[in-house]
Amino acid sequence: MAAADEVKRILSLTKDDPAKAYELVQGQFSVLVLRAQVMLSLSGIVITVTGFSGRTIAQTSVLARVLVSSGIVIVLLAAAMALGGVLRLRWLTQEITDDPETTLVRMLDLRDRRSRWLASSLVVFIAGFACYCFAIALMLLATPSLG
């Protein structure tokens with residue numbers, strides 16, 4: 001949907017009250033921030049677990065070393081993308097103009113750019129996490145049978 005069409009729907013929903021319209025869009029930014037923070041928390045867990053078991057995983061095989069190393073670097077890249085693209089500070093009040101529709105279009109454009117950053121960082125995170133999980137699977141498959 002084009003930003004101009006979305007603005008009309010938002011203003012209709014809020015009965016042409018610019019303050020309510022801004023609050024609605026601000027709530028969407030809060031969702032983006034929350035989701036980026038969840039991804040950063042997951043990245044932190046991956047990094048922490050690697051600190052504890054990375055050496056053991058890496059000792060499994062060359063492939064496991066490549067996967068765990070690649071996974072951690074890719075997860076770090078995803079975290080950097082989320083930080084720089086989604087959590088970069090820019091106040092919505094900096095987008096306010098004298099025209100509420102122009103203001104909302106600018107806010108929605110910013111929201112959409114940050115949404116694309118989040119989507120991209122999630123794809124990168126999943127790739128890194130998959131590498132990491134495959135490395136763990138290799139380690140588990142190489143572990144001698146207990147029975």
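Coordinate-derived values only; no laboratory data. The shown structure was predicted, so the numbers you read here are calculated from the model rather than taken from an experiment. Cβ sites come from the backbone with ideal geometry, for glycine too, and all protein chains shown count toward neighbours.
Give, in nm to one decimal, the length gained when the segment between L87 and D17 is fully stretched (0.36 nm per residue of separation minus the Cα-Cα distance). Working it through step by step, the gained length comes to 22.4 nm.
Length available on full extension from V33 to T48: 0.36 nm per residue minus the Cα-Cα distance, which gives 3.2 nm. Pairs of alpha carbons in the stretch 1-64 separated by more than 15 Å make up 69% of all such pairs.
With n ≥ 4 as the cut-off for DSSP H runs, can you work out [θ] at 222 nm for the chain, using -39500 (n - 2.57) per run divided by the number of residues, rounded to the nearest 500? Per the formula, -29000 deg cm²/dmol. Here the contact order of the chain, divided by its residue count and restricted to Cα pairs under 8 Å and six or more residues apart, works out to 36 percent. Legend: P(r) of the stretch 36-96 from all alpha carbon pair distances, 5 Å bins from 0, whole percents, reading 4, 18, 20, 18, 13, 10, 7, 4, 3, 3, 1, 0. Our compactness index for the stretch 1-145, the C-alpha radius of gyration over the empirical 2.2 N^0.38 Å, is 1.43. Take the convex hull of the alpha carbons in the stretch 64-147; its mean projected area over all directions comes to 7.0 nm².
To the nearest 20 Debye, how big is the dipole of the chain about its Cα centre, given +1 on the beta carbon of each Lys and Arg and -1 on that of each Asp and Glu?
Computed about the Cα centre, the dipole is about 640 debye.
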